[in-house]
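A short write-up of the structure that comes next.
Readers should treat all values here as calculations from the given coordinates under stated rules, not as data from a laboratory. Since the structure is predicted, the reported quantities are computational estimates derived from the model, not experimental observations. Neighbour counts are summed over all protein chains in view; Cβ atoms, including those assigned to glycine, are modelled from backbone coordinates with ideal geometry.
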Amino acid sequence: MPLNIVLFEPEIPNNTGNIGRLALASGSKLHLVKPFGFELNDSRLKRAGLDYWKHLDVVIYDSIEDFFQINTDKDFAFFSSHGHKSHWKIPFQDDMFLIFGKESVGLPKSILEIYKANLYKIPLYSEHIRSLNLANAVSIVIYEGLRQL
């Protein structure tokens, strides 16, 4: 797997379905960290993921703590509008974990503090928006990572 997409506590099934389709298209693995804002059998998730979902390599964790306990020795990049480094500066590596927070509030503040050296943002060129849609943000980062690798 070239890259790992990690969603901490995703809330919107359509985003998760679209990101699942992106993971399959890009050869990435999808990691979903509970709690979710939806059920995995939600029709909106299935509609967005279409019939591709059954082919997806997905790992589900019961909590953020479980995720970190299982993946302690991995290379991480975290994404937040609070990041100070652009996603263009990420030193992408095979099997890297690209971590995104929930749609409403992003990553927990404790994570932002602990991993501030690995915190990135996607530049926004308008002061009229706070952030990008999660599925769009993941797409931008994944394809930049694939380009660099």
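A few comments on the model shown:
- Likely footprinting exposure, H128, H87, H55, H82, fewest C-beta neighbours within 10 Å first: H128, H55, H82, H87
- Separation between Cα centres of the stretch 106-149 and the stretch 58-73, rounded to whole Å: 20
- Taking label positions 7 Å along the Cα-Cβ direction at both R130 and H82, the computed distance is 1.3 nm, reported to one decimal.
- Ranked S126, S104, criterion: other C-beta atoms within 10 Å, fewest first: S126, S104
- Among beta bridges from DSSP that stay inside the chain, the antiparallel ones total about 5%.
- Given the chain, longest segment not containing exposed loop GluC sites (Glu not before Pro) (DSSP; at most 13 other Cβ within 10 Å): 40-126
- Dipole magnitude for the stretch 1-144: computed about the Cα centre from +1 point charges on Lys and Arg Cβ and -1 point charges on Asp and Glu Cβ, it is near 380 debye.
- T72 sits among other residues whose Cβ lies under 13 Å from its own Cβ, and their net charge, with Lys and Arg +1 and Asp and Glu -1, is -3.
- Given (1) 50, 37, 35; (2) 104, 40, 37; (3) 38, 37, 31, the label whose value is Cα extents along the principal axes in Å derived from this model: (3)
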